[in-house]
Every structure is written in C-alpha cells, then in structure tokens.
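The structure appears right after this line, and notes come after that.
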Amino acid sequence: MKYLLVAGARPNFMKIAPIYRAFSARGNGHSTVDVLLVHTGQHYSRNMSDDFFRDLGIPEPSINLEVGSGSHAAQTARIMLAFEPVCLEHRPDWVIVVGDVNSTLACALTARKLSIRVAHVEAGLRSRDMSMPEEINRICTDAISDLLFTTDTLAVENLRHEGVADGKIWFVGNTMIDTLRQQIGRALEQPLPDGLKPGEYAVLTLHRPANVDSPDRLAPIAGAINAIAQRIPVVFPVHPRTAARLNGIEWHPGIRMVEPMSYVPFLGLVARSRMVLTDSGGIQEETTVLGVPCLTVRPNTERPITCEIGTNVLVGTDPRRIVEEANSILDGKTRPGAIPEKWDGHAAERIVDVLVNEAGQDACLVSAGLRAL
Ligand code: UD1
C-alpha cells in the first residue's frame, strides 16, 4: 500500500509527524507500507528548516510543491495544479490530509477527482462560522473524504448530523497531542526568554484574518493586551501575517514581541506560562492538555470540548471581557480542566491501525455502527 501524507502549514507538521512515525514502526521489515511525505509549501518560513523536521522525528518531505502565499483561490489552485502530477506519478492508494488549511482541501479534492481514496485527520470540527476560510475547508474536505478520523466525540456528532455514514467515522484521538506528549520533556528543558520565570508571564498569539487584517479590529484587542501587560509580562511571538499589521498601534512596554518560535521552545514557553491568549485552534487544545488557562479571542470555536471540559474560555473580541477574564485568572480564579478522551499520545497508532488493517481492503470499509478503537 502506498500513502501520500500531506502537510502545508506549520501546525500540520505536528499532526503528521506521529502518523509518519507510526507507519515507520509498522513498516519495519515489511515492504508493503510505503509512505511519502508531501509539503505543499503553503508555509515556507525559515524556522521550518531541517531542525524543524529533525525535532519532530521525521525526514524533510521528499516532495515540496513550493506553492507559497497567494489569495485563497490562487493558493488553492496552485496546490491542486502541483499536486495532481504527484498523484499521477506515484499512484498512491491513499492520500492522508490533516487539519483545515487550504492545503488540506486542495489535496483532498485533487486526489478524490483522480479516484484516489482520501483520509482526513481531525475531521468533524465545526465553528458554524462560514466567514472562516477554515470552516469551508473543513466542510468540503469531510464531504469528499472516505475515512474521517476525529479527535473527539463532539466531532463525531457533527459528522453524523451531516449525514456521514458511521462506517466512515473513526474516533481516534488527537495526533497533535501525540506530538505534545512526545516533546514535552525536551520543551521544559528549553530556556525561557531573558528574565522570565515560570508562572509569571502570559503568552499571546494572534493571526486570524478577522482579528488582525483590519486596524479597527486589531486596535481594541491591542488595548486589552496593553491593560493586561500592566499586571504581567506578555510574550508575543508574531505570526508573519500579523507582523505586517502591527505598525500604527501603541503597545505597552511589558509586551515582548518576538519572532515566530519553533515548536519545541514554543511548547516550553506555553507550558510554563500563567495563561495564554490566542486565536489559534491548536493552542486551545495544547493548553487544555497542559492545564494552562487559555482565553480564546474569537467569537466561536470549532473545538468546544476544550471549553466544556478543558481550560479554555471563549472570550470573544470585546476588550472589556478579555481584560475581565484575564484579571480573574491573575487573581487566582482558575477552574481545573480535564483532558478529553483518547488524547493519550496514541492517536496516530490508531489511525495507522485502521489504514493498514481495515481500510487496506475495500471490503472492510463496509461496516455497521460507529467504530471506536
Ligand atoms: C494558515 C491557515 C490557518 C492556520 C495558519 C497557521 C488557511 C486558510 N489558513 O493561515 O488556518 O491557522 O496557517 O499558521 O490555510 N507568510 C510568510 N511566511 C510563511 C507563510 C506565510 O511570510 O511561511 C505570510 C505571507 O505574507 C502570507 C501570510 O503570511 O500572505 C498568510 O499566510 P497563509 O498561508 O495565506 O495563511 P495563514 O494566515 O498563515
């Protein structure tokens, strides 16, 4: 069996790494499993160098489509144009896509139209906000995938609600958390930025177009962060999209803007922080597992389980609410969180079990009832 395992944006690599390693472990001594890593090149920053892949325990992808940035249509189309010849040359049995970025949808669509089977890892997440490009990517990718691997039971319910056959849905857990569990030891050994002590700083990340693209949206959020920085230093690794939009806004000197960090040091920074403010998807999940309070600066989340049982609070973008919730955490009013089921470090093994043992034979795809490993 031949598999193409696709990643495009930086967080995709944390999700594919354990899958690649689980395949490698399974393939040891067997020539029947052939996995090729494909990087679409949607993200191309210099901190995605050799070290980045070595840190994650995977080789540098053998295929790089080098599509770079562009409008949604241009980027998606370029990925499709570049991925089609790869599929035709390698003729994989399966294309595996992860997450909800433009690369996810573009590669799923390309493969499906060539009658190559598609597996979507992190399926079924829904924000119900169609103004988010990621929501469109999620819905479309799930609609055309043959196998849907979910991180939680709410995602399973979403897919059922949309009429997806139970036989396609596998509740396996969260591969990004596999990576977190594998790397946390090293992450905690990383030095903190100068002068910072564990538990005595906050971390901020912002990159959603809805938050950063217009100064009318970004300025009030910055106002809230400035107020929080009066009480606690805030470390702010600035995403490239956001970097271009920071000028003209006044920032409190307690806010330390730094270059985007690579995964392991960033995990170490978050794990030892007092709280995180973010509009990222994945960080909501990582903070839940780390037990770090998280304020999500968005009106909605596709990851409600992190609010229901984890440490995440959806605070929206009203600066008063953001400051109020941050003050409450700084005053020690935090609630304990629990870790969602199957976020145990073994999701990738479950995925590879399904792909190798079950989905390897078409006949096994026909099954009744929801299957949870
Ligand atoms: C993308 C994903 C988003 C994900 C995020 C993770 C989509 C629709 N969005 O958003 O879901 O949370 O990645 O980071 O796929 N740029 C660089 N260097 C890079 C990449 C981008 O400088 O390596 C700059 C370019 O100016 C580019 C902009 O960042 O135009 C936005 O990049 P893009 O890949 O379009 O989307 P992200 O905002 O990164």
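Some points to look at:
- The residues GLU259, GLU358, sorted by heavy-atom accessible surface at 1.4 Å with ligands and nucleic acids left out, run GLU259, GLU358 from largest to smallest.
- Nearest-20 debye value, region 64-155 charge dipole, Cβ charges on Lys, Arg, Asp, Glu: 220 debye
- Rg in Å to one decimal, and Dmax rounded to a whole Å, for the chain via C-alpha atoms: 20.3, 62
- Extension gain for ASN357 to LYS2 (0.36 nm times residue separation, less C-alpha to C-alpha distance): 126.4 nm.
- Region 279-324: C-alpha gyration tensor shape, a/c 1.5 cut-off, then a/b vs b/c: prolate
- Per residue, in Å², the accessible surface of the chain once ligands and nucleic acids are set aside, probe 1.4 Å: 41 Å²
- Along principal axes, Cα extents of region 283-352, largest first, whole Å: 46, 24, 15
- Proportion of all alpha-carbon pairs of region 242-299 beyond 15 Å (%): 58 percent
- Largest to smallest accessible area among CYS294, CYS307 [probe 1.4 Å]: CYS307, CYS294
- At R0 = 25 Å, FRET efficiency that the Cβ-Cβ distance of ILE249 and LEU330 yields, to 0.05: 0.60
- Comparing LEU180, TYR201, VAL118 along the charge dipole axis of region 109-238, the residue lying farthest to the positive side is VAL118, per the Cβ-charge model.
- The accessible surface of region 61-186, taken with every protein chain in place and a 1.4 Å probe, is 55 percent carbon and sulfur.
- Size check on region 227-373: the Cα extents along the three principal axes, sorted descending, read 61, 34, 26 Å.
- Net dipole in debye of region 1-91 [+1 Lys, Arg Cβ; -1 Asp, Glu Cβ; about Cα centre; nearest 20]: 240 debye
- You can think of it this way: the chain between HIS161 and SER115 has 14.0 nm of extra reach, that is 0.36 nm per residue less the Cα-Cα gap.
- With DNA, RNA and ligands ignored, accessible area of TYR44 (1.4 Å probe; Å², nearest 10): 150 Å²
- Partners of LYS342 within straight-line reach, counting lysines whose Cα lies under 26 Å from its Cα and excluding those fewer than 8 residues away in the same chain: LYS15, LYS168.
- Rg(Cα)/(2.2 N^0.38 Å) for region 10-100, N = residue count: 1.13
- Whole-number Å³ per residue for the convex hull built on Cα positions in region 65-201: 177 Å³
- Accessible heavy-atom area order of VAL258, VAL95, highest first, probe of 1.4 Å: VAL258, VAL95
- Measuring nothing but protein heavy atoms, the accessible surface of region 202-242 at 1.4 Å probe radius is 54 percent carbon and sulfur.
The values are calculated or read from the model by the stated rules, or taken from the named source; none is laboratory data. All values derive from a computational prediction rather than experimental measurement. Every residue, glycine among them, receives a Cβ derived from its backbone with ideal geometry; neighbour counts consider all protein chains shown. These accessible areas exclude ligands, DNA and RNA; they are computed on the full protein's heavy atoms, side chains included. Shrake-Rupley method; radii C 1.70, N 1.55, O 1.52, S 1.80 Å.
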